[in-house]
Amino acid sequence: MKRHVTLTAVGLVLALGAASCAQPGDIVAANDVAIAVQDQAPMAEVAARIDNFRLVSADGYARELYRLKDAPAVVVVMHAAGSPDTAAVAPKLEALKAEWAPKGVEFMMLNSNPNDKREAILADAAKNGITVPVLQDDLQLVGGQIGASRVAQAFVVDPKTWKIAYSGPLTAEPIKQLVEGKSASVKHDTLKTQAIAFPSRSPEAKAQFAKISYANEIAPLIEAKCIACHQEGGIAPFGFDSYEKVKQFSGMIREAVRTDRMPPWDPDPHVGKFKDDKSLSGTQIKTLINWVEAGAPRGEGEDPLGKVKHVAPEWPLGKPDLIVDIPKYTIPATGYVDYQYPTVANPLKEGKWLKAATAKVSQRQGVHHILSGVIPEGATSRGMQAWGGAVGGYTVGMESTVAPKGIGSWVPAGGQFGYQMHYTPFGKEAVSAEQIGLYFYKDGEMPDLIMRETPLVDQFIEIPANDGAHKEIAYFDFPKDAILHTAVVHAHYRGTYSKLELMTPDGKRETILNVPFYDFNWQRMYEFEKPIDIPAGSKVIATYVYDNSKRNPANPNPNEKIVWGDQSFEEMFYTSLRYLWKDETAKDQKNYDQLLNRTRLLGMLDDNIDGKVQMAELRGQFKDRIGNPLAFGVVDKNKDGGIDMEEFEAVMGQMRRPGRAAPSASAAPMPGNGGQ
């Protein structure tokens, strides 16, 4: 669930608007509602403990509090952009960080003022020399829970118990005591700084929360956002089929919302808009949490969830035109399984235009993903080397792919359908019998445009042991004008962050997709609400951050250096893109993908994105061959200190000579409708 800044809540909070902060006598507009905040307002009671949360910082990264349980202390300081109190506390905060961070203490600031935009927070941090992350608490859920009241108010937390050991002016003493293993003896203290308004704390607002209607507000919300998974036959382990079931799991619902785990939808709401957005709005989040915290009252009215029996459809897109049975496979109870590459004879007697595909998976626990491709008549299947466009696929959370109206991909007759099957043992032996449903344009019909698909990968990733924030970058150049429709982000257990940027020929660089907290358990296809224009000569740049530390609870072994590998305990850097070439039509096919692939390998190595590969950027076979000054100097013909595309292709030509293992880059499609 993402924190969309639609910050009107229910009842009285609608009238009050969002929170604000101001000096005595100042008037600040919040959601077009003017609120006067008096400095004399009493401070709220500080909570005994701090609940877990996951928030996105102003620089686009997500932090989850309870991952810091090994720290001796966590310090949270309230922030407001442009506040003199923020400016006053910043030097002391940075000084304490310099002194105590080397001892493991974690520092962060919390901005609970929804009027502060991300750009303002970043500008304020730069102006005041703030290097600690500033987390955006747009909905005031965290600041409200801990009892925050003032800008610069500090909270010192003991991660062994998550008790708030101290609150008040920022001071070193409670930090020192926790680091020394003592209980903080410094009592909570007041401070006279700029006030932060929390309208939802008022008795009137709380009375309104108790009146939130289960029948009219909560049940419809769950039907709209949760039932697709939480129903009979759905992917979730239980269904929301009655008020009693929702009440039973209400505590879990609150936790899942606060830690941004449900519904599983990862894009940053501050960056771009996407179709089929499965997240909750700010209003929905606050309504749901306030209802749970009010005791999840039943209220009046019939139970909409009990009235209708929700059952997941066998084929969510309707009966397929063609159902392909993937050969059965027995998944062992333990161990790991190498990728399997079964093939099925293509039953099509004549080529067809594909417009949609969906998967019917019998063993959700055991099937990690399904990739597919067309193997032309007469070609020999060697893994995925001979594959053409995709014919359906699956990852958890992405069972169906539907092309926009008037767009499709060509599936030729004959040959074979090839599949890459990633099976994951889950404690008991199981037989996998999966099916793919394909939907074609009617005979005689054809789309206007062709959807192409290719992955942006980096097979040279090297993630050091015990590195909690290792960054990798890769790109390729679009040689012709294109339109980008979708992106799929994929990594394994150590993947924690990803973003996609567009750098146009004029040097302008824009983030078009930001995933603050990548979740390996869900693989979504993000379809841009407005497709992205990509001028010829632009670079599409992917960035991934990996957490190979003990703080990552999914990490199989933080003490190992990790490189690219198929298995989940290894790692990947894989962003699948679906796009159109602007001057290509179904009747006039151009297919510039080979030109696009020309820069693929150089883009994996060129981490500073200057169009060249410096010697320090070389990895893998390239480092072995030319990773010394003498060999590098021979290749660098123009002696500019970097290997440009022309020089790089010369190296590639030498490495392709008979007897040498030629470097390669995966171009396998992700699940969906690939190009021809």
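Of everything in the range 374-389, what is among the charged types (D, E, K, R) and either open to solvent by less than 40 Å² (accessible area, probe 1.4 Å) or at pLDDT 80 or above (or both)? Give them in sequence order. E377, the sole residue that qualifies. Given the structure, is G181 assigned to a helix (DSSP H, G or I), open to solvent by 20 Å² or more (accessible area, probe 1.4 Å) and either β-branched (V, I, T) or over 19 Å from D277 (Cβ atoms) (or both)? Here the answer is no, as G181 does not meet what is asked. Applying the criterion of being under 21 Å from M604 (Cβ atoms), in a loop (DSSP other than H, G, I, E, B) and out of contact with any His (no Cβ under 6 Å at 6 or more places or on another chain) to the residues of the range 560-593, the residue that is most open to solvent (accessible area, probe 1.4 Å) is K561. Answer with yes or no whether E99 is in contact (Cβ under 8 Å) with a residue 40 or more places away in the chain and closer than 22 Å to Y166 by Cα. Yes; evaluated as a whole, the condition is true for this residue.
Among the residues of the range 553-573, the one identified as touching a Pro at 6+ places or on another chain (Cβ under 7 Å) and at pLDDT 95 or above is K561. Screening the candidates I370, I436, I461, I450 for the property of being under 28 Å from the mean Cα position of the chain (by Cα), under 30 Å from K623 (Cβ atoms), in contact (Cβ under 8 Å) with a residue 24 or more places away in the chain and surrounded by 19 or more Cβ atoms within 10 Å (Cβ to Cβ) yields one hit, I461.
Let's see how each residue does on (1) of a type outside the set (D, E, K, R); (2) closer than 24 Å to R578 by Cα:
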residue	(1), (2)
V324	yes, yes
T334	yes, no
D338	no, no
A357	yes, yes
V367	yes, yes
A379	yes, no
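Listed here are the residues, each with its yes/no results for (1) more than 21 Å from E64 (Cβ to Cβ); (2) open to solvent by 10 Å² or more (accessible area, probe 1.4 Å).
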| position | (1), (2) |
| --- | --- |
| K117 | yes, yes |
| I121 | no, no |
| N128 | yes, yes |
| W162 | no, yes |
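Contact map, the range 537-564: first residue over 30 Å from W581 (Cβ atoms), second residue among the small types (G, A, S) and open to solvent by 60 Å² or more (accessible area, probe 1.4 Å), Cβ cut-off under 6 Å, separation 6 or more or different chains; pairs are V545/A469. Taking the condition under 30 Å from D303 (Cα atoms), small (G, A, S), under 34 Å from the mean Cα position of the chain (by Cα) and open to solvent by 30 Å² or more (accessible area, probe 1.4 Å), does G239 pass? Here the answer is no, as G239 does not meet what is asked.
Checking each residue in the range 244-298 for being free of Cβ contacts under 8 Å to residues at least 40 places away in the same chain, hydrophobic (A, V, I, L, M, F, W, C) and open to solvent by 50 Å² or more (accessible area, probe 1.4 Å) picks out only M252. The residue that is surrounded by the fewest Cβ atoms within 10 Å (Cβ to Cβ), counting only those in the range 474-495 that are farther than 16 Å from S538 by Cβ and among the β-branched types (V, I, T), is V488.
For (1) open to solvent by less than 10 Å² (accessible area, probe 1.4 Å); (2) more than 24 Å from the chain's Cα centre (by Cα), each residue gets a yes or a no:
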residue: D85; (1), (2): no, yes
residue: L93; (1), (2): yes, yes
residue: M109; (1), (2): yes, no
residue: A125; (1), (2): no, yes
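For M615, indicate whether it is within 35 Å of the chain's Cα centre (by Cα), under 23 Å from T454 (Cβ atoms) and open to solvent by 30 Å² or more (accessible area, probe 1.4 Å). No; evaluated as a whole, the condition is false for this residue. As a summary of the residue check, P304 satisfies the conditions (1) more than 30 Å from E204 (Cβ to Cβ); (2) open to solvent by less than 40 Å² (accessible area, probe 1.4 Å); (3) not hydrophobic (A, V, I, L, M, F, W, C) except for the one numbered (1).
Checked across the range 487-505, the condition of being farther than 24 Å from S568 by Cα and in contact with a helix residue (DSSP H, G or I) (Cβ under 8 Å, 6 or more places away or on another chain) holds for no residue. Within the range 53-65, residues that are open to solvent by 10 Å² or more (accessible area, probe 1.4 Å) reach partners that are of a type in the set (A, V, I, L, M) and assigned to a loop (DSSP other than H, G, I, E, B) with beta carbons closer than 9 Å, at six or more positions or on different chains, in the pairs Y61/A469.
The values are calculated or read from the model by the stated rules, or taken from the named source; none is laboratory data. Only a predicted model underlies this, so the values are computations on that prediction, with no experimental measurement involved. Counting neighbours? That spans all protein chains shown, and the Cβs are built from the backbone with ideal geometry, glycine included. Just so you know, the surface numbers come from the protein's heavy atoms only, side chains and all, with ligands and any DNA or RNA stripped out. Shrake-Rupley method; radii C 1.70, N 1.55, O 1.52, S 1.80 Å.
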